[in-house]
Amino acid sequence: MQKTQYLFYGIASSAILLILAGGAVSTNDQVVVNLMIDINAPPSPTSLEEQIAFDSIVNLTNGIGPKGLNVTLFPTGEAIPSQRLRITYLANSSNYEVSMGGMIKDEKIGSKTSSDQKALLAEMKRYVEACHICSGKETKPAGFKPQSFDQNEDTYKILNQMGMLYDAGFKAGVLYLPGHENDTWPYRMNNLNIYAVPVSTYAQQGDRILLSDRIAKEEEKLSGPQWYDILESKFEESAKKGDPVVLIFDNQITGRDADYLEAYLNFIDYALSKKATFVTTSELVKMSKAKKPVSTSSGKSAATSNTVESGCIACDALENATINATFENKTASADMVVSVTQNFKD
């Protein structure tokens, strides 16, 4: 009888271990990754600077587009004039979301008056909406990520009045609204219809560093391989905890640094090998609202089927623009390359 009991307990213990192991695999299979790509460019670039910015954007998007992965772009208003057609080209694809990244790099919107903030955000929204062509997908920004994570309560209220879905100006466990210190998924702001989106952080030598390539390179002085190790470690940590992985990559950093670009591409391949789900920031918010992950894109899909080639982009962009522009076509590589000269209304 005693031997039978031992045998039963042994079988039961093995079954429990198998269930736990299976649960771990299931969690890992459902890791959600939200890539946020910052798009920066000089406000009045030379032809060379314009081409360098274009190439750096292509370096980042080439790691995403062919795989059909969902991603959110956060261009600045000063970058849109010279890179507008490239952004328009991407925005017309169903797997790219384009949101607002502030008017200028390192902008401190939180130091401005409420009326000035409202004017800036309205102008930024207009710039993003101008990245649109006829017969293509309308470009309607769903959210905002402030430069330097600088904002205040006026910012939240204005975004809410504008009907924005989210504000991505928060850092998990570091910069958060009261009562949300431990939140890693988007959460609703008190008394507003807008969601706060925490960007992922990682514990490093007693501090939590924001998972942004600019922070990693300029502040933490990490090499490309060191940066990759952190990205992989964060993924594994999130797999165990059921947290999303929300990362920021900048075209001026990853798009121009070979080691950082390699880390970025290797991380995407690693996440795909672990069956991660790549989502836009809007999708991440909707998943949080639904309280459960829903698969969107985890590999090749028909996401790029709506992408319009360069046939009518120049004329249609000019016709549909809310911002005055003149366009000059020129040829380069296999990708669509268009030089843009913009003259904005005051």
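The values are calculated or read from the model by the stated rules, or taken from the named source; none is laboratory data. From a predicted model like this one, the values you see are computed outputs, not experimental measurements. Cβ atoms come from the backbone with ideal geometry, glycine included; neighbour counts cover every protein chain shown.
Matching residues to (1) under 20 Å from the mean Cα position of the chain (by Cα); (2) in a strand (DSSP E or B); (3) modelled with pLDDT of 95 or more; (4) not charged (D, E, K, R):
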residue: E78; (1), (2), (3), (4): yes, no, yes, no
residue: P81; (1), (2), (3), (4): no, no, yes, yes
residue: S93; (1), (2), (3), (4): yes, no, no, yes
residue: E97; (1), (2), (3), (4): yes, yes, yes, no
residue: G102; (1), (2), (3), (4): yes, no, yes, yes
residue: L120; (1), (2), (3), (4): no, no, yes, yes
residue: M124; (1), (2), (3), (4): yes, no, yes, yes
residue: G163; (1), (2), (3), (4): yes, no, yes, yes
residue: G169; (1), (2), (3), (4): yes, yes, yes, yes
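Looking at (1) under 19 Å from the mean Cα position of the chain (by Cα); (2) over 28 Å from L210 (Cα atoms); (3) surrounded by fewer than 22 Cβ atoms within 10 Å (Cβ to Cβ); (4) not β-branched (V, I, T), which is the only condition K140 fails?
(2)
Could you check, for segment 169-191, whether at least one of its residues is acidic (D, E) and within 25 Å of T113 (Cα to Cα)?
No, the conditions are met nowhere in segment 169-191.
Mind listing whichever residues of segment 41-51 are among the small types (G, A, S) and surrounded by fewer than 16 Cβ atoms within 10 Å (Cβ to Cβ)?
Passing the criteria: S44, S47.
Only residues in segment 187-204 that are farther than 30 Å from S233 by Cα count as the first member; pair them with residues that are of a type in the set (S, T, Y) and at pLDDT 95 or above, Cβ under 9 angstrom, at least 6 apart or cross-chain, and list the lot.
So the pair list comes out as L192/Y156; I194/Y156; I194/Y166.
Identify all residues within segment 132-149 that are assigned to a loop (DSSP other than H, G, I, E, B) and either out of contact with any helix residue (DSSP H, G or I) (no Cβ under 9 Å at 6 or more places or on another chain) or within 19 Å of T281 (Cα to Cα) (or both); write none if there are none.
K137, E138, T139, K140, P141, A142, K145, P146
Spot the failing condition for E237; the list is (1) touching a helix residue (DSSP H, G or I) at 6+ places or on another chain (Cβ under 8 Å); (2) closer than 14 Å to V33 by Cα, and only one is missed.
(1)
Any residue at all in segment 94-112 that is free of Cβ contacts under 8 Å to residues at least 12 places away in the same chain, surrounded by fewer than 20 Cβ atoms within 10 Å (Cβ to Cβ) and not acidic (D, E)?
yes
Tally up the residues in segment 197-209 that are within 22 Å of G101 (Cβ to Cβ) and either within 14 Å of the chain's Cα centre (by Cα) or in a loop (DSSP other than H, G, I, E, B) (or both), please.
The qualifying residues number 4.
Tell me the residue from D55, D38 that is charged (D, E, K, R), within 22 Å of A263 (Cβ to Cβ) and crowded, with 24+ Cβ neighbours inside 10 Å, please. Give the steps one after another, and end with the answer.
Working: D55 fails: crowded, with 24+ Cβ neighbours inside 10 Å.
On inspection, the qualifying residue turns out to be D38.
Given the conditions (1) assigned to a loop (DSSP other than H, G, I, E, B); (2) closer than 22 Å to Y166 by Cα; (3) not hydroxyl-bearing (S, T, Y), which single one is not true for L222?
The number of the failed condition is (2).
Name, by its number, the condition in (1) touching a residue at least 24 places away in the same chain (Cβ under 8 Å); (2) surrounded by fewer than 22 Cβ atoms within 10 Å (Cβ to Cβ) that does not hold for D183.
(1)
Return the residues of segment 150-159 that are in a loop (DSSP other than H, G, I, E, B) and either crowded, with 23+ Cβ neighbours inside 10 Å or on the phi > 0 side of the Ramachandran plot (or both); say none if nothing qualifies. Break it down stepwise before answering.
Of all residues in segment 150-159, those in a loop (DSSP other than H, G, I, E, B) come to 150-152.
Answer for segment 150-159, where residues must be in a loop (DSSP other than H, G, I, E, B) and either crowded, with 23+ Cβ neighbours inside 10 Å or on the phi > 0 side of the Ramachandran plot (or both): just Q151.
Mind checking which residues of segment 225-238 are out of contact with any strand residue (DSSP E or B) (no Cβ under 6 Å at 6 or more places or on another chain) and either surrounded by 20 or more Cβ atoms within 10 Å (Cβ to Cβ) or on the phi > 0 side of the Ramachandran plot (or both)?
W227, Y228, L231
Got a number for residues in segment 266-296 being under 17 Å from the mean Cα position of the chain (by Cα), modelled with pLDDT under 95 and of a type in the set (A, V, I, L, M)?
0
Those residues that are among the hydrophobic types (A, V, I, L, M, F, W, C), touching a Phe, Trp or Tyr at 6+ places or on another chain (Cβ under 9 Å) and under 20 Å from G101 (Cα atoms), I need them from segment 210-227; list them, please.
L210, L211, A216
Out of A91, A79, A130, A142, which single residue is under 22 Å from A290 (Cα atoms) and in contact with a strand residue (DSSP E or B) (Cβ under 9 Å, 6 or more places away or on another chain)?
The unique qualifying residue is A142.
Does segment 54-76 hold any residues that are within 16 Å of M124 (Cα to Cα) and not in a strand (DSSP E or B), and which are they?
The answer is T76, and nothing else.
Please work out which one of (1) assigned to a helix (DSSP H, G or I); (2) within 20 Å of the chain's Cα centre (by Cα) is the condition K240 fails and give its number.
It fails just one condition, (2).
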